[in-house]
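Worksheet for the structure shown next.
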Amino acid sequence: MPETGVEEPAPETATEPPSGHTAESLSAWLIDCVADHLERPAAGIDTGVPLSDYGLDSVYVLAVAAELEDHLDISLDPTVMWHNPTIDGLSKALVEELAAQNA
C-alpha cells in the first residue's frame, strides 16, 4: 500500500466505543458516583471490590443505575449491576453495551 503521509485512524476497540466513553472514563465517573452515595472520599473506593461490600443496598444500586442511564442517555437492564458487582466489571460491561447500542 503506498504511503500517503496521512495516518489511518485506529480501528475502534472494545474499550473505545463510538460514544466516546471508555472503561476508564466510566470507572472514574462510577467512583465519584459511589463515593457521593457513600459520603466518603473517591480515593477510598476500590474498583475491584463488590459494591455490596461498601454497604450499597438494592435501593442505592438502583439509584446508581438510574444515574448511569441519565449520564449515558441509554436504558439499562437493572440486572447489569448485579451481574457486574464491581466498578471494574460494570465499566467494561457498560462499554460493551454502548458499543452494541451504537452498532
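Residues in region 76-98 that are hydroxyl-bearing (Ser, Thr, Tyr) and either at pLDDT below 90 or at positive phi (or both): 79 only. Of the residues making up region 1-40, just one is open to solvent by 80 Å² or more (accessible area, probe 1.4 Å), modelled with pLDDT under 50 and under 13 Å from residue 91 (Cα atoms), namely 16. For region 59-77, a residue qualifies if it is in contact with a helix residue (DSSP H, G or I) (Cβ under 9 Å, 6 or more places away or on another chain) and open to solvent by less than 60 Å² (accessible area, probe 1.4 Å), and the qualifying residues are 61, 63, 64, 65, 68, 72, 74, 76. Looking only at residues in region 83-103 that are not in a helix (DSSP H, G or I) and not hydroxyl-bearing (Ser, Thr, Tyr), the one that is farthest from residue 32 (Cα to Cα) is 103.
Please determine, by comparing only the residues of region 78-93 that are in contact (Cβ under 8 Å) with a residue 40 or more places away in the chain and within 11 Å of residue 30 (Cα to Cα), which one is surrounded by the fewest Cβ atoms within 10 Å (Cβ to Cβ).
88
The values are calculated or read from the model by the stated rules, or taken from the named source; none is laboratory data. Remember, it's a predicted structure, so these values are computed and weren't measured experimentally. A quick note on method: Cβ atoms are made from the backbone with ideal geometry, for glycine too, and the neighbour counts reach across all protein chains shown. Note: areas computed on protein heavy atoms with side chains; ligands, DNA, RNA excluded. Shrake-Rupley method; radii C 1.70, N 1.55, O 1.52, S 1.80 Å.
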